[in-house]
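Peer 1: Here it is, the structure in full.
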Amino acid sequence: MTETVPVVDMQGISIAFPGVKALDGVDFRLFPGEVHALLGENGAGKSTLIKALTGVYAVDDGTITVMGTRQSFATPAAAQAAGISTVYQEVNLCPNLSVEENILLGREPRRRGGIHWRNVRRRAEEVLEQLQLGHIDPRSVLSSHSIAIQQLVAIARAMQVDARVLILDEPTSSLDADEVQQLFSVIRTLRDRGVAILFVSHFLEQVYEVSDRMTVLRNGRLVGEYLTPDLPRMGLISKMIGKELDALAELEEAESRRHPDRTQEVPFLRAEGLGRKGSVRDVTVTVHAGEILGLAGLLGSGRTETARLLFGADRADQGQLSIGGTARTLRTPRSAIDRGIAFSSENRKEEGLIGDLSVRDNLILALQAGKGWWRRVPRTTQDELAERFIRALDIRPSNKDSLIRDLSGGNQQKVLLARWLITDPKLLILDEPTRGIDIGAKTQIQKLISSLAADGMSVVFISAELEEVLRLSDHIAILKDRQMVADIPNDGVTMEDVMTVIAGTNA
Amino acid sequence: MSALLRHRLTWPVLALVLLLLLNQLFRADFLSVRVQDGHLFGSLIDILRNGAPTILIALGMTLVIASRGIDLSVGAVAAIAGAVSCMYIYSSPDPTSLRTAATGVAIAVVAGLVLGAWNGFLVSVIGIQPIIATLVLMTAGRGLAQLVTDGQIISVSNDSYQAIGAGFFLGLPISILIAAAAFGVAGLLTRRTALGTLIEAVGINPVASRLAGLDARTITWTVYIFSGLCAAVAGLMISSNVTAADSNNAGLYIEMDAILAVVIGGTSLAGGRYSLVGTLVGALIIQTLTTTVYTLGIPPEATLVFKALVVIIVCLLQSSRARTLLGRRRRPVTEQSQVEVAV
């Protein structure tokens, strides 16, 4: 952490998009042999800054100096050639290729004009070994692995080249605690070798655990650069959101949820022993109107699978489901939606967004799908709804005609939430609605969930952050190894209690 | 000005205008349209009339491609439509009456709808990849048409039938009017209802569309049936124009022209956002090219190469990456939109 020459020095970087100034005169330095955390809310400009550094976006103004040389990368490949490797938030690999092909894609060792497959295998194995990922078969197809493993493969790919700078954009959002530790040990090894690591994460504990220095952005502007030990957590949060007291008040408010007793009423949804071969089993849950059911469990424990069964995205082949007291079989999402059930997937990019359509079209999609193609939602109604929900959920930029793929992750998430809220569902299933988004948006979404429940909507809430599940839920269903093992009312339940159930050996 | 340059229709329209001007250079009366016997005549009218089948088929193709599919069977469907209608008229006891012609047309249209539904079934219910599913009918369809006509070229002489491809109404060729009507109906149907947006949604992200409650199956059926309908009407035009059904050659390679028209019109083969107007311009470019070949007196053996050259130039003009190479400054574009033009 000595003040040597920065390996990357960005000065006065500005980038404008149609209608938005994404970055406005931002300075950023990255030193060799340290982990530098880049922090800020959604839309603060973190991703844009990274894309400017890696040659994805051309900068409108400012200079980028890498290892003493002025650079303006025209392509990501040029940035890579200069020693800057990146792992993006969403896994950007080819799911239909093998692990080894993905790791060496575009940099395959060659022999006599062809690819030297034996060397491909050897180098893939080497780099996996370095990351203590020797258990991954380099020949296996990437899509046969969980998102967590795919993420680690993406990191292996980034480290395969002799990178001087490694950029990790939300690398931990899909990883469980063990995998995070594994990643951190790799990060530390690389740091000690003199690699400069740019680390973006919304998990502040992780930032404090692994980073040496941090830079905070807000609304496309630089707030400041700090040494991690010098900036306590509360100070950091207030610099990120810029309004310390408000945010704290919001957190407090979200925390003070009451859990009314509704055991006497007919539940909105009741599942008994619901399951699907190879997916999840023994799901027995009850959700009353106005109740929040939390699903807790480790990554891969069957949380998402449970949600998909309740929504008809996968068809159950065991157990019973009743909605509003009547037995039902959900064959398709459509049949679930017709009964007032909505589902927001954890996988925004693949299962939520229609990237090339506008915010308005995305907002209106579920409502329109319910009406069928013939009865179009009138344009004026579309505009009214879009404007109302953009205001209500504070979606930015507030232009309903922007393409949704140009929005930041948190704002995309809000659009997807609004897509369902417009249909006025009775049960809202939210799979990781706060994953990969910043504290401000997270609090907003948590508050929104509480108030929806207070208005009588039932919610099934899934989150990898146990703390969040405990704060919001009335009931907590705990899953373990693709099986539901407990359903406990949330009065005074602590994280340790849930951990004990998850860790317990008997079902 | 820069907004105009970025508009996705600018380059195709420019290409079309340049092609027309090129023709004018070689034939001074090229752009003139005159009235003769109460009908409009001229090269421009010829382009529209000869291009009508391609325009129709390209319309249907646009929606299929927007939904992430492709329909290779349109040429075969056109041949079948011509075959069944001509065969009906030929073998009917009263082969010259309007009634017979109308029945023949109705049979052909129904055949088109059924064949479109078959494609839609293979793609949406069975889940076969569109290119394979429609390849089945592309090859089998010509066989079917030959079975219908017994391998012969069936000539008919029915004035009402002939009017579809060669007749005039209010001074304009009827085939142009039909194509224009189909264009209008398709435009209204997709943009006045939600069909257009839903087709795009399915084309851009089928998984997310399903989870949003969209019935992708119905959408898929609809686009293939519409494509079958367009192909059948185009087949009627083609056979009516020559008053015969030629199962081997009617609509041969027209699927390629249609796909090309869609791509030139700025609709990505990867599905998603589409432009019917773009397709119209694309189809006109292709038809104008054919005319240009004759105007310039290019030897027939070089025709295909010449067409290919022009198409490549148009595609290059449309690709933002190629324009960058020509020296324009790169804007921050997302990776996805770059892929779109690269396809």
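The values are calculated or read from the model by the stated rules, or taken from the named source; none is laboratory data. Small disclaimer: the values here were computed from a predicted structure and weren't measured. Cβ atoms come from the backbone with ideal geometry, glycine included; neighbour counts cover every protein chain shown.
Peer 1: Suppose we filter region A:299-328 for residues that are over 25 Å from the mean Cα position of the chain (by Cα) and either within 25 Å of A:Asp481 (Cα to Cα) or in contact (Cβ under 8 Å) with a residue 40 or more places away in the chain (or both); how many remain? Explain how you work it out, then say what you get.
Peer 2: At the first step, the residues of region A:299-328 found to be over 25 Å from the mean Cα position of the chain (by Cα) are A:315-328.
Now narrow it down to the ones that are either within 25 Å of A:Asp481 (Cα to Cα) or in contact (Cβ under 8 Å) with a residue 40 or more places away in the chain (or both): A:315-325.
The total comes to 11.
Peer 1: Does region A:336-352 contain any residue that is within 11 Å of chain B (Cβ to nearest Cβ), out of contact with any Lys or Arg (no Cβ under 7 Å at 6 or more places or on another chain) and more than 30 Å from A:Lys442 (Cβ to Cβ)?
Peer 2: Yes, some residue in region A:336-352 is within 11 Å of chain B (Cβ to nearest Cβ), out of contact with any Lys or Arg (no Cβ under 7 Å at 6 or more places or on another chain) and more than 30 Å from A:Lys442 (Cβ to Cβ).
A quick yes/no check of all residues on (1) at positive phi; (2) free of Cβ contacts under 8 Å to residues at least 40 places away in the same chain; (3) over 25 Å from the mean Cα position of the chain (by Cα):
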| residue | (1), (2), (3) |
| --- | --- |
| A:Ala477 | no, no, no |
| A:Gln483 | no, no, no |
| A:Asp487 | no, no, yes |
| A:Gly492 | yes, yes, yes |
| A:Ile502 | no, no, no |
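Peer 1: In the set B:Gly235, B:Gly151, B:Gly165, B:Gly184, which member is out of contact with any helix residue (DSSP H, G or I) (no Cβ under 7 Å at 6 or more places or on another chain), in a helix (DSSP H, G or I) and more than 12 Å from chain A (Cβ to nearest Cβ)? Reasoning before the result, please.
Peer 2: On the way: B:Gly235 fails: out of contact with any helix residue (DSSP H, G or I) (no Cβ under 7 Å at 6 or more places or on another chain); B:Gly151 fails: in a helix (DSSP H, G or I); B:Gly165 fails: out of contact with any helix residue (DSSP H, G or I) (no Cβ under 7 Å at 6 or more places or on another chain).
Matching residue, one of B:Gly235, B:Gly151, B:Gly165, B:Gly184: B:Gly184.
Peer 1: Okay, moving on. Sort out for me the strands (runs of 3 or more DSSP E) sitting completely within region A:216-297 that have 3 or more residues that are more than 25 Å from the chain's Cα centre (by Cα) and either crowded, with 19+ Cβ neighbours inside 10 Å or modelled with pLDDT under 75 (or both). Working first, answer last.
Peer 2: Details: elements: A:221-227, A:269-276, A:280-287, A:292-296.
In region A:216-297, A:269-276, A:280-287 are the strands (runs of 3 or more DSSP E) which contain 3 or more residues that are more than 25 Å from the chain's Cα centre (by Cα) and either crowded, with 19+ Cβ neighbours inside 10 Å or modelled with pLDDT under 75 (or both).
Peer 1: Given the conditions (1) crowded, with 19+ Cβ neighbours inside 10 Å; (2) under 30 Å from A:Gly300 (Cα atoms), report the number of the one that A:Ile390 does not fulfil.
Peer 2: Result: A:Ile390 fails condition (2) only.
Peer 1: Is there a residue being of a type outside the set (A, V, I, L, M, F, W, C) and away from chain B (no Cβ under 12 Å) anywhere in region A:306-316?
Peer 2: Our first condition is that a residue be of a type outside the set (A, V, I, L, M, F, W, C); within region A:306-316, this holds for A:306, A:308, A:312, A:314-315.
Subsequent filtering for residues that are away from chain B (no Cβ under 12 Å) retains A:306, A:315.
Yes: one or more hits.
Peer 1: Separate question: Of all the residues that make up region B:191-221, how many are among the hydroxyl-bearing types (Ser, Thr, Tyr), at the interface with chain A (Cβ under 9 Å from one of its Cβ atoms) and either under 23 Å from A:Arg405 (Cβ atoms) or surrounded by 24 or more Cβ atoms within 10 Å (Cβ to Cβ) (or both)? I'd like the intermediate steps shown before the answer.
Peer 2: Here is the first cut: in region B:191-221, the residues among the hydroxyl-bearing types (Ser, Thr, Tyr) are B:193, B:197, B:209, B:218, B:220.
Narrowing further to those that are at the interface with chain A (Cβ under 9 Å from one of its Cβ atoms): B:193, B:197, B:209, B:218.
Restricting the remaining residues to those that are either under 23 Å from A:Arg405 (Cβ atoms) or surrounded by 24 or more Cβ atoms within 10 Å (Cβ to Cβ) (or both) gives B:197, B:209.
Qualifying residue count for the region: 2.
Peer 1: Out of the residues in region A:482-496 meeting the condition of being of a type outside the set (Gly, Ala, Ser) and surrounded by 14 or more Cβ atoms within 10 Å (Cβ to Cβ), tell me which one is farthest from A:Ala307 (Cα to Cα).
Peer 2: Among them, the one singled out is A:Val493.
Peer 1: Filter region B:29-49 down to the residues that are out of contact with any Ser or Thr (no Cβ under 6 Å at 6 or more places or on another chain) and charged (D, E, K, R), then identify the one that is surrounded by the most Cβ atoms within 10 Å (Cβ to Cβ).
Peer 2: Going through the qualifying residues, I end up with B:Asp46.
Peer 1: Output the residues belonging to region A:138-152 that are within 12 Å of A:Glu179 (Cβ to Cβ) and either among the hydrophobic types (A, V, I, L, M, F, W, C) or in contact (Cβ under 8 Å) with a residue 60 or more places away in the chain (or both).
Peer 2: Answer for region A:138-152, where residues must be within 12 Å of A:Glu179 (Cβ to Cβ) and either among the hydrophobic types (A, V, I, L, M, F, W, C) or in contact (Cβ under 8 Å) with a residue 60 or more places away in the chain (or both): A:Ser146, A:Ile147, A:Ala148, A:Ile149, A:Gln151, A:Leu152.
Peer 1: Which one is farthest from the chain's Cα centre (by Cα), of the residues in region B:46-66 that are within 15 Å of B:Ile286 (Cα to Cα) and of a type in the set (Val, Ile, Thr)?
Peer 2: Filtering region B:46-66 for residues that are within 15 Å of B:Ile286 (Cα to Cα) and of a type in the set (Val, Ile, Thr), the one farthest from the chain's Cα centre (by Cα) comes out as B:Ile47.
Peer 1: Also, I was wondering about something else. Going by what's in this entry, would A:Ser322 be described as crowded, with 17+ Cβ neighbours inside 10 Å, more than 7 Å from chain B (Cβ to nearest Cβ) and modelled with pLDDT of 90 or more? Steps first, please.
Peer 2: Values: crowded, with 17+ Cβ neighbours inside 10 Å: no; more than 7 Å from chain B (Cβ to nearest Cβ): yes; modelled with pLDDT of 90 or more: yes.
Criteria not met by A:Ser322.
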